[in-house]
1. Using all Cα-Cα distances in region A:175-263, what percent lands in each 10 angstrom bin from 0 up to the longest?
2. Fully extended, how many nm does the chain gain between residue A:103 and residue A:231 (0.36 nm per residue separation, minus their Cα-Cα distance)?
3. Apply the Karplus parameterisation 6.51 cos²θ - 1.76 cosθ + 1.60, with θ equal to phi minus 60°, to every residue of region A:30-42 and state each ³J(HN,Hα) to the nearest whole Hz, in sequence, with x for glycine and proline.
4. Which order do A:231, A:110 take by accessible area at a 1.4 Å probe, largest first?
5. Let me know the charge dipole size of chain A about its Cα centre in debye, to the nearest 20, where only the beta-carbon of Lys, Arg (+1) and Asp, Glu (-1) is charged.
6. First check a/c for region A:123-246, with a ≥ b ≥ c the square roots of the eigenvalues of its C-alpha gyration tensor; if it is under 1.5, answer rounded, and if not, answer prolate when a/b is larger than b/c or oblate otherwise.
7. Relative to the longest principal axis of chain A, what angle (0 to 90°, nearest 10) does the C-alpha long axis of helix A:193-205 take?
8. If you build a Gaussian network model of chain A, linking Cα atoms that sit under 10 Å apart, which residue out of A:39, A:220, A:235 swings the most?
Amino acid sequence: MKKFILAILAVSLLAVPAVAQTSVNPGIKAYAILGKGIAVSTSDPMDFIIVKFGLGRVVTNDGNETIIGVVIADDERYRLREVNIEEGYAEGEIFYGGDNVGSFELTSVMKGDTEIWVGDFRIGGIIYNLYLIEGVRPIRAGELKEKVADYCRENEDANCAGRIEEFCQNNPEDSRCQALFRAYCLKGNMEDTRCREAFRNWCKENPANRLCIPFELQRARRYCEEHSASMLCRAIANEVADICENNPDNEGCVTVKSLLEDNSRLFRKIGAIRTRIISIESQSVNETEEGGD
Amino acid sequence: MLTALLLVSLVLVAGCVGREAETNAVTGGAETGATGSMTEDQAFNKIEEEMNEAVENIDMGDLEGYIPE
């Protein structure tokens, strides 16, 4: 009798750590920025640093979720903490050996297929203008399995039938798996460079899709509020205007119009193009190809 | 009765262990550097590793047009 009770107790004790571990799912949840570029001193343009810059959303063993990062500036290695990320925007503090030695504030803008992060990089008392090229980091098969499983656990989606996550790990290029990953991305995960890479590639094939028309504009919103007269913002605005004049009923164009109407700073200094977009009349809202959302 | 309880406990352990193994795999295993546990130091290292890999093929010539002359 006593042996039975002891056995049950022992087995139950074995179960406790396993149960405890399943409640936490530690790891890198998102790679927000993985880039390389150059920081140029604002006071002396000949004073510059080669910079590698990485930011990620992390869940550690204790269950805490935080955004941290690494900067390698020439040969010095710094850590990034107290980071705040919004769509197309990142700011935070720079630490060296536990000491706060600077800060950064970056906005992103697309030029063609390349995402560029630009902004202030303050370190060692010197203010630099930082220009980073975002690296290419597509989703990998094992990660796709994880993201599809996460999405299908929380959403009703016809593509989720069966053991789709296993299928996607083995067939990462399958259109259903790609659609599920984009759907996962649209659930508030566009801060992840892997999501942006997926959309960049998909939008090349589907430029008139309702999700693709506003894509560059949404990414560059913060940049084009501050630098609305720049060539980059002009190019983005002209591209959107051209597409929407030819597709006035596209839901993506309705989204773009709403963005402009709700944000008077966006393209403020290029009023003619801004007016051109806002004045496009739409009769009805038609959806083109679905993005899997 | 006690045998039944013992069996239930065993099923519970098997289920939890199985789920834990699945969780580790889902987290990405070797691909994400997360094997069911990650300290902050490991996270910094993993981000640095991914950063170095992602920027390997960046052509700095792409910056042309961004840096003021």
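The values are calculated or read from the model by the stated rules, or taken from the named source; none is laboratory data. The structure displayed is predicted, hence computed values, not measured ones. Here Cβ is always computed from backbone atoms with ideal geometry, including for glycine, and neighbour counts include all displayed protein chains. These accessible areas exclude ligands, DNA and RNA; they are computed on the full protein's heavy atoms, side chains included. Shrake-Rupley method; radii C 1.70, N 1.55, O 1.52, S 1.80 Å.
1. The percentages, shortest bin first, are 16, 47, 33, 4, 0.
2. Gain on stretching residue A:103 to residue A:231: 43.4 nm.
3. Those phi angles translate into 7, 9, 7, 9, 9, x, 9, x, 9, 10, 10, 4, 6 Hz.
4. Largest accessible area first, the list is A:231, A:110.
5. 620 debye
6. oblate
7. The answer is roughly 50 degrees.
8. So, out of A:39, A:220, A:235, the one fluctuating most is A:235.
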